[in-house]
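K.L.:
Mind having a look at this structure? Questions to follow.
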There are 2 protein chains.
Amino acid sequence: MSRQNLWTAISLFLPLVTTCILLFSSSTTASTSPLTHNENIKSSTSGRLDVLPIPTQYSTGHTVLCLSSTFEITTSFPLLPDLKDAIERTNQHLSSDRHQYLSPTRGLEFFNNNNNNNNNSNCAIHLPSLHLDLTSSSDKVKPILSYVTLPSEDRPESESYTLSVPLSGPAKLVGKTPLGLLRGLTTFEHLFYHLPTSSSSSQPTVLARPDSLSQSQQLPLGSTNSEQVVGTGSSAQTDLDGTTYAPFAPYEIEDKPAFGWRAVLLDTSRNYFSVPSILKMLDTMAMVKLNVFHWHITDSNSWPLDLSTHPELAQAGAYSPSDIYSEADIRHIIQYAGDRGIDVMLEIDTPGHTAIIAESHPELIACYQASPWQRNAHQPPPGQLRFADPAVAEFVNGLFTSTLGLVSGPYFGTGGDEINENCMLQDEQTAQALERNAWTLDDALDDFTAKTHATIRQQGKTPVVWQEMVLDHGEMPSLGKDTIVSIWVNSADARRVLDKGHRIIQAAGDYFYLDCGQGGWIGQEGGGNSWCDPFKTWMRMYSFDPYKDVSDEQKKLVLGGQASLWAEQTDETNFEQVLWPRAAAVAELFWTGAGQGSYPRSAIEALPRMHDVRYRMVDRGVNAVPLQPHWCALRPGVCVMGA
Amino acid sequence: MSRQNLWTAISLFLPLVTTCILLFSSSTTASTSPLTHNENIKSSTSGRLDVLPIPTQYSTGHTVLCLSSTFEITTSFPLLPDLKDAIERTNQHLSSDRHQYLSPTRGLEFFNNNNNNNNNSNCAIHLPSLHLDLTSSSDKVKPILSYVTLPSEDRPESESYTLSVPLSGPAKLVGKTPLGLLRGLTTFEHLFYHLPTSSSSSQPTVLARPDSLSQSQQLPLGSTNSEQVVGTGSSAQTDLDGTTYAPFAPYEIEDKPAFGWRAVLLDTSRNYFSVPSILKMLDTMAMVKLNVFHWHITDSNSWPLDLSTHPELAQAGAYSPSDIYSEADIRHIIQYAGDRGIDVMLEIDTPGHTAIIAESHPELIACYQASPWQRNAHQPPPGQLRFADPAVAEFVNGLFTSTLGLVSGPYFGTGGDEINENCMLQDEQTAQALERNAWTLDDALDDFTAKTHATIRQQGKTPVVWQEMVLDHGEMPSLGKDTIVSIWVNSADARRVLDKGHRIIQAAGDYFYLDCGQGGWIGQEGGGNSWCDPFKTWMRMYSFDPYKDVSDEQKKLVLGGQASLWAEQTDETNFEQVLWPRAAAVAELFWTGAGQGSYPRSAIEALPRMHDVRYRMVDRGVNAVPLQPHWCALRPGVCVMGA
């Protein structure tokens, strides 16, 4: 019996076996069951599950399961518009995705000499439907956004789901919340591949999906509780050009993220990114279950944030009248993100990184465009808020209050990185204020922070700061222990912040800065090097241990991690290329946890998934870059050291 | 008198002064006149000429010159279709480009308080036409391709042109050949900027170009010699939304490249690039007057070259039936390139980098997919031609003959890099052949090279090889002194090749590899680093001295330089981002020569031009990446060290 036949035989019994080995994992570390499968991956391409992030626990079989021409997604509870839209998107993806299995024959191997071919068709088994259910009736009518904006620690439970795709009968997806169902729908989509009709010598069955089914029902909120059909795979287009199939049915999946903070940071000040480009980023983030968009919306170069209370800031500080984000834009982005399981954390970086405010409020800014810039800032243009001045704190409080009015989530970023001392100490107004109050510069910063963070807390939000606020400015009694700290300078700094009792985001430049390695951008003869060289490959990112140097008691303080895109050398021309698929590695790292119980995870084991999700992204029009020559992407395990 | 007024006054006399200082430069180094202007650039933004590559000699004035609504390009000689098309493209660009001047007010500064505003319009002066002429009547009927495919040493003269854009009357462009006129047209286009109507508070004159003028005449070849109008600026669309203007008229330009080889290499084997993406690359190369496309068309990963004589190679070796270049595709690309002043040098890398041939001809290839790959190749998959076998030389000669049949230019690349000795010595058939002939491996390589290069010379072409062929395999008597050698391992290797009397291309990885710094792509835990780390910034590329360690007598052996894009981590998703605008720095380095008479050129001086051409590219739909925050691009000289 060949290995192929052995696996086919085993697959008949696998559903039973699976039921026995599936256990809920209540810790943040994954159980051992995926590793059983990882061993399979190493010995053959059979049974490979290329869902990224890889689910906490899963089993696969060895039978090709085709999507029925009448495939439908059903629910037995009334749908809010957000989940209904998510179901529509899944139907759309199942219908329009043309992603092919990554192997030399691009999936044809599943259809030729297929032992399941018992009715003169290459698709012996068809999946008729996917049924969605919730475990808790109280959750049935809350929108997804309400779970997305839970505190980070409470998110994982609401993102959990189980998915069962049997060889006969409907597939079942069960979540504790609509957010869990959203995650499960994403996983379900990624089980499937497309086999074009033309590439098959023995023409697999064409799954025609009549257009007449393409209109989904409009479901009134809170209407009947009987089974409902939300669209079908035909909602977008009829799939006349091939077969949509899952190669390794049956599937049993239990899934829950290890961390509640799985973020991408985008800096929209150094270069501007249009609203559509941000929406597209959110769609792609949702593909890999990232759940926080850290929006570094302003900085010294431009002020795209167009607040109705402070119109002068964008008027004078945006790159152009169209390079702005209106309040309506921001609300739209927050809702769009929330519908996709993503919280938007707005950051207004203060008191440094604010030079451009001088264009409308010169009285608030010290050392604006002072020369040489190197003495006054980390990069041009210099300019910082005169934070020793009470009028400045008042201005910032107004700014924060207006911005907080737009925020749905529990967090707000106030920055605090790279404050240039020389700029402040040379500033006459600041010097006078310090003298008046008998303050050191750190005293002034503490006072400014106390005032501005009070505003944030009054609005029921928790401040998020960069690491210097905790490490570089003395005691800073203003910083409540609830303040969340983003580690960025070096991953080795995490422990010192944890020792002070703060919760942290692992976002260190030595692992997670997407912009490193593009070379120095400051003009100089011969060119300079990137400050955080070399380039951080996805394998480098993936090798990070979120618990390195973290004591057992401190583990709960690690909220998760973040890939950061600072935009000195990035705008819409290379946005997606810098971001994808590398941020997907961060998504998996912080979704899946430690796998076998300890970090680091294995990049070689993850490589086929990274290829798969990259080509899925490209198929959906996302310019994710190739990680290896196409030849390697088609041959998992060949283009690795020692192979 | 303010500096501004002083310059305006000077500009009135500048045409006269210019006439006196303009001298033809017959050497490959530029004269000093540009530096006069570079000093101007440093002291103010006035008179800046942001044409890249910067012309050998030029003068600018200080008057805004708008394109007339009836602007037309005329000639007094009969046009071949290629030049006629080039003129059409220029008209199209003048009409559709929306590139704005890079300054905080985006060019509005030229229209407010304009001293030339003497007729209640912001455009006081309009350019009615551009007249093209040739200096030599014998050149008038040869196609551009015939100059593009001259030997490298003869190209600069045929690319030379003079361009005069006065304050009144028609502009004049004179070339020795139609290729020179093509270069001049490109320069002419880049003098102009767009000012949108909406961004001007005092609404500059709208240049309506009636649609009735949009159809250009079809000019019969060799028809009347009287003045001819080829289209107008209106050929694409009416410019209802703003003004097209040149800010620093009058312009006097004398231009000629320093080097005849200004190349981009693209590897289309590791990942595939579609024909349209290559055509777009050629268009962008033409924007910066690059003149050689070194097409590394095959390698070990895939064989996209679909030859009618060897259909099995692509059938078995292309990534898919559509990931190929047909003979018609290649002929089309060569003609398209030639029409844009670009020679296509095809390279079939042998005897290494040929593993994929084993898919159709396993008998020709040693160590195909041998494990571990590290012992048999620089990267997976291993596999090299059994070059000691006479049947292999015969096969390669057939391959070369077929491919040479497609080539228009004087050169053909045969590769010769990274031959893995272990692969060959472990190969039984090779071992037998060596024993049979009492050959060393180098003897066998010499014999193979003698046979295959003979084929190239029989077709009247000159072989181009990688440096190892000269440096790493003993004497290699087969390598004629006419063989051109591409330096790639390290720029320090150039001298040793020159000392052997070969002409060289400066293409070293330590300056000109576009793929460096993306991190290691071979799968390994933690990830590896790029072998040629760090990333080569445009400033690094620009700092190269083509004559470093080159004796005066050897200077004539330096044909030029090349930016190389090896495609392990690049395909169409990030093609343009990796290439542009960095390759533009290489274009200027090898077009302009040494500037003041010695290298290195100044990156700080070139920075505004690099920004300008980058934004021009983006305006034309090319995804060239930002070099700095937009804030810096608008402020030349601010974002540099020490500013």
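The values are calculated or read from the model by the stated rules, or taken from the named source; none is laboratory data. This is a predicted model, so every value here is computed, not measured. Note that each Cβ is placed from the backbone with ideal geometry, even for glycine, and that neighbours are counted across all protein chains shown. Remember, those area values only see protein heavy atoms, side chains included, never the ligands or the DNA or RNA. Shrake-Rupley method; radii C 1.70, N 1.55, O 1.52, S 1.80 Å.
K.L.:
Please verify whether residue A:523 is over 19 Å from the mean Cα position of the chain (by Cα) and either open to solvent by less than 10 Å² (accessible area, probe 1.4 Å) or within 14 Å of chain B (Cβ to nearest Cβ) (or both), treating the condition exactly as stated. Let's see the steps before the verdict.
P.N.:
On the way: over 19 Å from the mean Cα position of the chain (by Cα): yes; either open to solvent by less than 10 Å² (accessible area, probe 1.4 Å) or within 14 Å of chain B (Cβ to nearest Cβ) (or both): yes.
Yes, satisfied.
K.L.:
When only residues in the range A:329-376 that are within 14 Å of chain B (Cβ to nearest Cβ) and of a type in the set (Gly, Ala, Ser) count, which is farthest from residue A:402 (Cα to Cα)?
P.N.:
Checking each candidate, the answer is A:371.
K.L.:
Against the conditions (1) over 30 Å from residue B:242 (Cβ atoms); (2) hydrophobic (A, V, I, L, M, F, W, C); (3) part of a helix (DSSP H, G or I); (4) in contact with a strand residue (DSSP E or B) (Cβ under 6 Å, 6 or more places away or on another chain), where does residue B:179 fall short? Just the number, please.
P.N.:
Residue B:179 satisfies all of (1) over 30 Å from residue B:242 (Cβ atoms); (2) hydrophobic (A, V, I, L, M, F, W, C); (3) part of a helix (DSSP H, G or I); (4) in contact with a strand residue (DSSP E or B) (Cβ under 6 Å, 6 or more places away or on another chain) except (4).
K.L.:
Kindly provide the set of residues from the range A:531-568 that are polar (S, T, N, Q) and surrounded by 23 or more Cβ atoms within 10 Å (Cβ to Cβ), ordered by number.
P.N.:
Hits for the range A:531-568 are A:537, A:562, A:564.
K.L.:
Further question on the same structure: For the range A:594-629, how many residues are in a helix (DSSP H, G or I), open to solvent by less than 20 Å² (accessible area, probe 1.4 Å) and either at the interface with another protein chain (Cβ under 7 Å from one of its Cβ atoms) or out of contact with any helix residue (DSSP H, G or I) (no Cβ under 8 Å at 6 or more places or on another chain) (or both)?
P.N.:
The qualifying residues number 3.
K.L.:
Let me ask something additional. Output the residues belonging to the range A:55-110 that are out of contact with any strand residue (DSSP E or B) (no Cβ under 8 Å at 6 or more places or on another chain), within 14 Å of another protein chain (Cβ to nearest Cβ) and surrounded by fewer than 21 Cβ atoms within 10 Å (Cβ to Cβ).
P.N.:
Once the filter is applied, which keeps residues that are out of contact with any strand residue (DSSP E or B) (no Cβ under 8 Å at 6 or more places or on another chain), within 14 Å of another protein chain (Cβ to nearest Cβ) and surrounded by fewer than 21 Cβ atoms within 10 Å (Cβ to Cβ), the range A:55-110 yields A:103, A:104, A:105.
K.L.:
State all residues of the range A:346-384 that are in contact with a strand residue (DSSP E or B) (Cβ under 7 Å, 6 or more places away or on another chain), without any contact (Cβ under 8 Å) to a residue 60 or more places away in the chain and either assigned to a loop (DSSP other than H, G, I, E, B) or of a type outside the set (S, T, N, Q) (or both); if no residue qualifies, say none.
P.N.:
A:354, A:355, A:357, A:358, A:364, A:365
K.L.:
Quick check, is residue A:441 more than 17 Å from residue A:297 (Cβ to Cβ) and either surrounded by 23 or more Cβ atoms within 10 Å (Cβ to Cβ) or more than 14 Å from every other protein chain (Cβ to nearest Cβ) (or both)?
P.N.:
Working: more than 17 Å from residue A:297 (Cβ to Cβ): yes; either surrounded by 23 or more Cβ atoms within 10 Å (Cβ to Cβ) or more than 14 Å from every other protein chain (Cβ to nearest Cβ) (or both): yes.
Yes.
K.L.:
For the subset of the range A:377-403 comprising residues that are open to solvent by 30 Å² or more (accessible area, probe 1.4 Å) and within 14 Å of another protein chain (Cβ to nearest Cβ), which member is nearest to residue A:442 (Cα to Cα)?
P.N.:
A:378
K.L.:
Follow-up question, since we're still on this one. Which pairs have Cβ atoms under 6 Å, sit 6 or more apart or on different chains, and link a residue in the range B:48-72 that is closer than 14 Å to residue B:613 by Cβ to one that is outside any loop (DSSP other than H, G, I, E, B) and small (Gly, Ala, Ser)?
P.N.:
If the second residue must be outside any loop (DSSP other than H, G, I, E, B) and small (Gly, Ala, Ser), the pairs left are B:52/B:584; B:53/B:587.
K.L.:
Here is a follow-up. Restricting to the range B:92-133, name every residue that is at pLDDT below 95 and touching a helix residue (DSSP H, G or I) at 6+ places or on another chain (Cβ under 8 Å).
P.N.:
Within the range B:92-133, B:108, B:115 qualify.
K.L.:
Right, here's the next one. Return yes when residue B:431 is surrounded by fewer than 16 Cβ atoms within 10 Å (Cβ to Cβ), small (Gly, Ala, Ser) and not in a strand (DSSP E or B) and no when it is not. Before the answer, list the steps.
P.N.:
Working: surrounded by fewer than 16 Cβ atoms within 10 Å (Cβ to Cβ): yes; small (Gly, Ala, Ser): yes; not in a strand (DSSP E or B): yes.
Yes.
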